[in-house]
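To start, the structure under review is shown below, and the notes come after it.
None of the figures in this text is laboratory data; all of them are computed from the coordinates on show. None of the values given here were measured: they were computed from a predicted structure. Please note: Cβ atoms are built from the backbone with ideal geometry, for glycine as well, and neighbour counts cover all protein chains shown.
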Amino acid sequence: MMKRIAVLTSGGDSPGMNAAIRAVVRTALYNGMETLGFMKGYEGLMDGDSMVLDRAAVGGIIHRGGTILRTARSDRFKTDAGVRSALVQLENRKIDALVVIGGDGSFRGAAEMAAMGVPVVGIPGTIDNDMAGTDITIGYDTALNTALSAVQKLRDTASSHDRLFIVEVMGRDSGFLALEVGISTGAEYVVVPEIPLDIKKMCDHLHYSRKRGKTHSLIILAEGVMSATELRNSLQDTGGYDARVTVLGYIQRGGSPSSLDTILASRMGCFAVESLLQGKSGVMTGSVCGRMELCPIEDAWRIKKELNPELLALVDKLGV
Ligand code: F6P
């Protein structure tokens, strides 16, 4: 019989993490269990920095960005000594199971704990959407909409001055965010790590769209390819273009979660706890074609999630 579970957030924060924490706590309470929250991800787990999360502790947080539990990236947890400290803290507090909310790096730690016999379920939270086993990760939709509204503003000034803009968006080594920001802003070109960059082709494309009467253009660049300044210099050298550069940066990680992220986080938080109650461990929650599913936690980094080729083709077809 499970009596007490723990939850932590780890890695880069993403909008909706608080809604997921709330769902974990409230589902645990619904099933007669108590929840402890560890602060600053695995750092707090190793140091025993925890707090009891009762019903009130998760009141009024569903709409808040960031994470009330704080977060961190921990190198210490990658050592044997770090894992041992975490196990001792869990044992001392009589924790029966752990919920880890974070990205693929955080899930490596979760897999480690599961291998040591701790029942663990992961909830994918990252704005990068780069995790296999789920169609969408918590925070991605909000980041996409934040970037969309910023780029729409840039388009206003780009069109007023007949300018070419390069906008760099986050995503680490993947191009999900860049691709969908590009489609939703009607960008002329999208550069993602998954497709080799051909500067000559990009210049020809820009030239062609200018010839067809376009007075301004937008290029959306995924940070994993190169910096926006490097791309601007290449465009200048190869095509003589004088582009303006904007790096959206950490603004993409903040803000209140969209309704999609809030609902996704609520469903995943609830599903994670119910899965633990059913004896599942070493798994992560996913939303697959609208249904809650589980997959092995290792899938998060072992399987490369592919960009949708239809969306890639769409940029080429519509961005001319
Ligand atoms: O993984 C989320 C993310 O925001 C990436 O898009 C970005 O590359 C990275 O985190 C930045 O990490 P940090 O917060 O450690 O600078």
To the nearest Å, what is the center-to-center distance of the stretch 293-320 and the stretch 6-47, using C-alpha atoms only? 28 Å
Using distinct alpha-carbon pairs, which all enter the 1/r mean, Kirkwood radius of the stretch 179-301 in Å: 18.0 Å
Along principal axes, Cα extents of the stretch 6-151, largest first, whole Å: 49, 34, 24
Using unit Cβ charges (K, R positive; D, E negative) and no other charged atoms, how large, in debye to the nearest 20, is the dipole of the chain about its Cα centre? 540 debye
Specify the inter-centroid distance of the stretch 197-251 and the stretch 125-158, based on alpha-carbon positions, in whole Å. 20 Å
What do you get for the angle between helix 176-185 and the principal long axis of the chain? Use alpha-carbon atoms, 0 to 90 degrees, nearest ten. 50 degrees
Sites Met1 and Tyr30 - FRET efficiency at Förster radius 22 Å, r taken between beta-carbons, to 0.05: 0.90
Do the alpha carbons of any pairs in Lys214/Lys304; Lys153/Lys304; Lys40/Lys280; Lys214/Lys317 sit beyond 27 Å of each other, and which pairs? Lys214/Lys304; Lys153/Lys304
What 222 nm value per residue comes from the helices of the chain, counting each DSSP H run with n ≥ 4 as -39,500 (n - 2.57) and dividing by all residues, nearest 500 deg cm²/dmol? -13000 deg cm²/dmol
Env charge @ Ile61, Cβ radius under 15 Å, K,R +1 / D,E -1, value +2
The chain - convex hull of the alpha-carbon atoms, volume per residue in Å³: 121 Å³
HN-Hα J couplings of the stretch 97-108 from phi, Karplus 6.51/-1.76/1.60, θ = phi - 60°, integer Hz, Gly and Pro as x? 6, 10, 10, 10, 10, x, x, 5, x, 5, 6, 5
Distance in nm between pseudo-label sites at Gln152 and Ala57 (7 Å out along the Cβ direction from Cα): 3.9 nm
